[in-house]
Amino acid sequence: MAIANYNLGNDLYMKGGDLVVGVDGDLATCDDGLVTLVQDVIHGLETTPGDLFGHETSGAGVRRLLGEDDPGDLVARAISDFLLYDPWVAPRIVPESIDVTRLGDEEAPFDGRFRIVFSALDADTTTNVNLVWNANTNTVEELA
């Protein structure tokens, strides 16, 4: 089976944080590198550096910022830095394309939502990824 966007990686397929079992009873793998990259980004958003044995520097570290008075700008910066510098994610993203925006009313209390936009380095093209991530609930909405 050919893997689309093979240069973006290949990994086990996860849904809702759980491994998916394929029709043959074995663990399913992603058949699209772009899906693998998005999974890696979401996993990194939920990870604090030091959490993963063997990947001690991987992760955005957002959890440690959520106790601040107004963590919105700090979290946006941590997400941007993760996308730019994480050794497992950054090589597959166009650095100039990264845009992280805090969503919601600036006057209202922080609700934890961020719009995350970046371009993935496909084999022949550049593919834009547009996500809304809620730091409070670890939920993701992929917009395009």
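The values are calculated or read from the model by the stated rules, or taken from the named source; none is laboratory data. Everything numeric here is computed off the predicted structure, so don't read it as measured data. All Cβ positions, even for glycine, are placed from backbone atoms using ideal geometry, and neighbour counts span all protein chains on display.
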Only unsatisfied item for VAL89, checking (1) modelled with pLDDT under 75; (2) surrounded by 13 or more Cβ atoms within 10 Å (Cβ to Cβ), is (1)
Considering region 69-78, residues that are part of a loop (DSSP other than H, G, I, E, B) and under 12 Å from ARG102 (Cβ atoms), and then whichever is modelled with the lowest pLDDT, we arrive at ASP70
Within region 82-106, residues assigned to a loop (DSSP other than H, G, I, E, B) and within 19 Å of GLU46 (Cβ to Cβ) come out as ASP86, PRO87, TRP88, VAL89, ILE98, LEU103
ask   = Residues in region 62-72: is at least one among the aliphatic types (A, V, I, L, M), under 17 Å from the mean Cα position of the chain (by Cα) and within 24 Å of THR126 (Cα to Cα)?
value = no
Scanning region 37-67 residue by residue, the ones that are over 19 Å from ASN136 (Cα atoms) and in a loop (DSSP other than H, G, I, E, B) total 8
Practice item. Please tell me if ASP24 is in a loop (DSSP other than H, G, I, E, B), of a type in the set (Asp, Glu) and at pLDDT below 80. Key: no
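Out of LEU37, LEU121, LEU66, I need the residue that is hydrophobic (A, V, I, L, M, F, W, C) and at pLDDT below 75. Which one?
Of LEU37, LEU121, LEU66, the one residue that is hydrophobic (A, V, I, L, M, F, W, C) and at pLDDT below 75 is LEU66.
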